[in-house]
Amino acid sequence: MAHNIEYYTYEENIKRDWVQQKLDHYVAQADWQEGCKGLYRPIRWLDNVFVYEDREAAEKAISSLDRGNYDQLAVRYYEYQKNDSKARQALCEKIKTTRAAYDDKQMTIWAAGLKAEYVGCRNCGSKLKREYVKQNHCPVCRADLRPESMLATIAKAKERWAVSMKALADYDKAHGKKKVMWLVKIEYHT
């Protein structure tokens, strides 16, 4: 048995009855073993609420407006259409390189580059033979074995990746066309 929360997006001029029927059918199929015939409540289309800036803001709004009783909600938000300019392509390339740099730093096995025969865990004090350390976590206590300086370097690489993703999102907001969409949250039990 599981509690399920799912989000769906639809264009602004979608027929609401069709969405209700489609999602009722989906939930009935997912929860057929317990005799479910659809969503527990009809979808509340909140069209008197203003249009949210982006999907993230719409998800936060749904969280705050949710009554907590298997509430089905729909709010409007702006989705920015992407253009294929050279500036956007450069930003996408920057995301790829910063993500690759972060992944490289994150996935590197720290102990493999050491010359010492044993590696010590700062958390539990275990001494581990370097050649058997195949991950960056202590097999005894699951603490990270990497030094603080390496963790700081990884955090900086992650921050550079996040900044490049935000730059692309800001570019899309500034240069893309706005399109109003519905974000529909359904909640059901299986």
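The values are calculated or read from the model by the stated rules, or taken from the named source; none is laboratory data. As the structure is a prediction and not an experimental result, all values here were calculated from the model. FYI the Cβ positions are ideal-geometry reconstructions off the backbone, even for glycines, and counts take in every protein chain you see.
Starting from residues that are without any contact (Cβ under 8 Å) to a residue 24 or more places away in the chain and not in a loop (DSSP other than H, G, I, E, B), keep the ones in segment 110-126 and report whichever is farthest from the chain's Cα centre (by Cα).
Let us first name the residues in segment 110-126 that are without any contact (Cβ under 8 Å) to a residue 24 or more places away in the chain, namely 112-118, 120, 122-126.
After this cut, where a residue has to be not in a loop (DSSP other than H, G, I, E, B) as well, the list is 112-113, 118, 120.
Values: ALA112: 32, GLY113: 33, TYR118: 38, GLY120: 35 Å.
Among those that are without any contact (Cβ under 8 Å) to a residue 24 or more places away in the chain and not in a loop (DSSP other than H, G, I, E, B), it is TYR118.
Residues checked against (1) of a type in the set (A, V, I, L, M, F, W, C); (2) in contact (Cβ under 8 Å) with a residue 60 or more places away in the chain:
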{"site": "TYR10", "(1), (2)": "no, yes"}
{"site": "GLN21", "(1), (2)": "no, no"}
{"site": "LEU65", "(1), (2)": "yes, no"}
{"site": "GLU79", "(1), (2)": "no, yes"}
{"site": "ASP84", "(1), (2)": "no, no"}
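So which of ALA174, ALA155 ends up being outside any loop (DSSP other than H, G, I, E, B), at pLDDT 90 or above and surrounded by fewer than 16 Cβ atoms within 10 Å (Cβ to Cβ)?
Being outside any loop (DSSP other than H, G, I, E, B), at pLDDT 90 or above and surrounded by fewer than 16 Cβ atoms within 10 Å (Cβ to Cβ) holds for just one of ALA174, ALA155, which is ALA155.
Look at PRO139 and say whether it is surrounded by fewer than 17 Cβ atoms within 10 Å (Cβ to Cβ) and touching a strand residue (DSSP E or B) at 6+ places or on another chain (Cβ under 8 Å).
yes
ILE109 passes all but one of (1) out of contact with any helix residue (DSSP H, G or I) (no Cβ under 9 Å at 6 or more places or on another chain); (2) hydrophobic (A, V, I, L, M, F, W, C); (3) over 29 Å from ARG160 (Cβ atoms); which number fails?
(3)
Matching residues to (1) within 20 Å of the chain's Cα centre (by Cα); (2) farther than 29 Å from ALA169 by Cα; (3) not assigned by TED's automatic domain parsing to the domain that holds LYS185:
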site: TYR7; (1), (2), (3): yes, no, no
site: LYS37; (1), (2), (3): no, yes, no
site: LEU46; (1), (2), (3): no, no, no
site: ARG55; (1), (2), (3): yes, no, no
site: ILE62; (1), (2), (3): yes, no, no
site: TYR78; (1), (2), (3): yes, no, no
site: CYS92; (1), (2), (3): yes, no, yes
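Residues that are of a type in the set (S, T, N, Q): find the strands (runs of 3 or more DSSP E) completely inside segment 1-95 holding 2 or more of those.
Output list reads 3-11, 72-81.
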